[in-house]
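Colleague: Shown below is the structure under consideration.
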Amino acid sequence: MCGRFVVASVGTELVGMLRVDLVGDDLPAPSFNVAPTDRAAIVLDSAKSEPPLRRLESARWGLVPGWAKDLSIGARAFNARSEELEDKPMFRAALEKRRAIVPVTGYYEWHRTDAGKTPYFIHPADDEPLLFAGLYEWWKDPSKPEDADDRWVLSFTILTRASSGGLGSLHDRMPVFMDPDHADAWLDPTVDYPRDILDAAVDAAEMVADTLEVYPVSSDVGNVRNNSPALIEPVPGPPLP
C-alpha cells in the first residue's frame, strides 16, 4: 500500500514530461509527508474539451465518488487494488473515464519485524519524478451554495498491485508505477479498453520497481505534523530485508 508520499516540488519538468496544457493556480506547496485527505497535484485529461485538455490540478487524496453523502468516505479510499477495480462500485466508473497520474518525489513504506516497524523511503535513484497510476472523481458538496468556489471537490486514489523484486520483502503491495510511455493512453478518457492499458502498466511497473533506491529513514515520519526535508535523509538502520 502507499499511505505517505513526498512531493518536493511540482516543477516545469512535469509540464514537459507529460505535456501538460494547463497548470492550476492553487497547487499545494511542497510536502515531505503527504497523508490521506491532504492535497497533492495530479495530472488528468479533461473529457469536457475536444481534444482533451491535459491539466495539472490540486486534488484531495482519498477518492470521493459522485454519489457519496459526504467527504468522509475518501479517508479509506486513498488506495485501490488494481486487480479489483471493476468489482468495486467505488472505482468502476472512474476506471472507465477518469484516470489520473500522481507525480511524486518518492514514498514511504513501513516494514514490521519483531523489533518493531521501520520506515523506508523509496524513490528514483536519478531523482526524476516517480509517476503513480491513479483515478479521480469530482464530488459536489450539497452543503455549499451553488455559486461557491469550493463546492466541487476533486479527489484521487493511488492504484496498487502485488509487490515484486526487492520491494516484495518490504511490503506485499506497492503502487502501480506508470512508465511515461503508457501515460498518454492511460490519461485518454476516450479509450475503450482501460483494463488493457492498466495491465500493460502493471507489467511495466516491475521494471520501474527494480530501479528504485530504498533506505531507512527517521521514525519522525510517522507523525503527520512532522514535515521537513530531514524526513527523507537516510539514517542508520536495517537494510532492505
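The values are calculated or read from the model by the stated rules, or taken from the named source; none is laboratory data. Everything numeric in this text was worked out from a predicted model, so none of it was measured. When we count neighbours, we look across all protein chains shown, and the Cβ atoms used for this are built from the backbone with ideal geometry, even at glycine. All accessible areas refer to the heavy atoms of the entire protein, side chains included, with ligands and DNA or RNA removed. Shrake-Rupley method; radii C 1.70, N 1.55, O 1.52, S 1.80 Å.
Colleague: Filter region 165-178 down to residues that are at pLDDT 85 or above and open to solvent by 20 Å² or more (accessible area, probe 1.4 Å) and give me whichever is farthest from the chain's Cα centre (by Cα).
Modeller: 169
Colleague: Moving on to the next point. Are there any strands (runs of 3 or more DSSP E) wholly within region 47-131 with 2 or more residues that are touching a helix residue (DSSP H, G or I) at 6+ places or on another chain (Cβ under 8 Å), and if so which?
Modeller: The strands (runs of 3 or more DSSP E) meeting that bar are 53-61, 99-104, 106-113, 116-124.
Colleague: Right, something else. Exactly one of these conditions fails for residue 41: (1) within 23 Å of residue 151 (Cβ to Cβ); (2) in a loop (DSSP other than H, G, I, E, B); (3) modelled with pLDDT of 90 or more. Give me its number.
Modeller: Tallying (1) within 23 Å of residue 151 (Cβ to Cβ); (2) in a loop (DSSP other than H, G, I, E, B); (3) modelled with pLDDT of 90 or more, residue 41 fails exactly one: (2).
Matching residues to (1) surrounded by fewer than 20 Cβ atoms within 10 Å (Cβ to Cβ); (2) farther than 16 Å from residue 133 by Cβ; (3) of a type in the set (Asp, Glu):
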position: 14; (1), (2), (3): yes, no, no
position: 27; (1), (2), (3): yes, yes, no
position: 38; (1), (2), (3): yes, yes, yes
position: 61; (1), (2), (3): no, no, no
position: 77; (1), (2), (3): no, no, no
position: 80; (1), (2), (3): no, no, no
position: 95; (1), (2), (3): yes, no, no
position: 107; (1), (2), (3): no, no, no
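Matching residues to (1) of a type in the set (Ser, Thr, Tyr); (2) in a strand (DSSP E or B); (3) more than 17 Å from the chain's Cα centre (by Cα):
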site	(1), (2), (3)
137	no, yes, no
143	yes, no, yes
146	no, no, yes
154	no, yes, no
157	yes, yes, no
161	no, yes, no
183	no, no, no
200	no, no, yes
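Colleague: Of (1) surrounded by fewer than 14 Cβ atoms within 10 Å (Cβ to Cβ); (2) within 30 Å of residue 193 (Cα to Cα); (3) not basic (Lys, Arg), residue 133 satisfies all except one. Which?
Modeller: (1)
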